[in-house]
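Down below is the structure, laid out as structure tokens.
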Amino acid sequence: MRKILNLLLLSVLFISGCSTTELLSPTEQPPTLQPTEVITATSTPTEVSLPEGSALAVHFIDVGQADAALVICDGQTMLIDGGNVADSSLIAAYLKKLNIDYLDYVVCTHAHEDHVGGLSAPCRYHRL
């Protein structure tokens, strides 16, 4: 089960990165883009099978443009990011609706407000 959670966590980390932009001064010109070679991926998706009797559920919680996901695997829970500060009570209410009062894992992928901001209420009201 831990292997499944690790695989899922790595997948989320690769997918949920935030981008940054470099600011130019008013006198600088943006670089000229050059055409690049198109590379086509030919790999096929890999199926992950769960051990018999195991259950896995992934909830992508709608917190607007921010990120929040809840993973439930064999009764263990993992909250990945919590959206913005304004989403904190929404995340707590979502957990309460699912009768989750204990979080086995809380993951903050990185310290941007749209990922860590909403983790305060779940961490305050749920046992960790």
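The values are calculated or read from the model by the stated rules, or taken from the named source; none is laboratory data. Quick caveat, the model's predicted, so the values are computed rather than measured. Please note: Cβ atoms are built from the backbone with ideal geometry, for glycine as well, and neighbour counts cover all protein chains shown.
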- Output for the stretch 50-61, where each listed residue is under 19 Å from CYS123 (Cα atoms) and part of a loop (DSSP other than H, G, I, E, B): ILE61
- Which of the residues belonging to the stretch 85-110 are within 16 Å of ILE72 (Cβ to Cβ) and not in a helix (DSSP H, G or I)? LEU98, ASN99, ILE100, ASP101, TYR102, LEU103, ASP104, TYR105, VAL106, VAL107
- Item | Of all residues making up the stretch 89-121, the number that are under 12 Å from ILE61 (Cβ atoms), out of contact with any strand residue (DSSP E or B) (no Cβ under 6 Å at 6 or more places or on another chain) and either crowded, with 18+ Cβ neighbours inside 10 Å or not charged (D, E, K, R) (or both) | 6
- Give me the pairs, please: first residue somewhere in the stretch 51-77 and closer than 19 Å to ALA111 by Cα and polar (S, T, N, Q), second residue anywhere and surrounded by fewer than 12 Cβ atoms within 10 Å (Cβ to Cβ) and at pLDDT 85 or above, beta-carbon distance under 6 Å, and either six or more positions apart or on two chains. none
- Query: Does LEU79 count as assigned to a helix (DSSP H, G or I) and either at pLDDT 85 or above or farther than 22 Å from ALA121 by Cα (or both)?
  - Reply: no
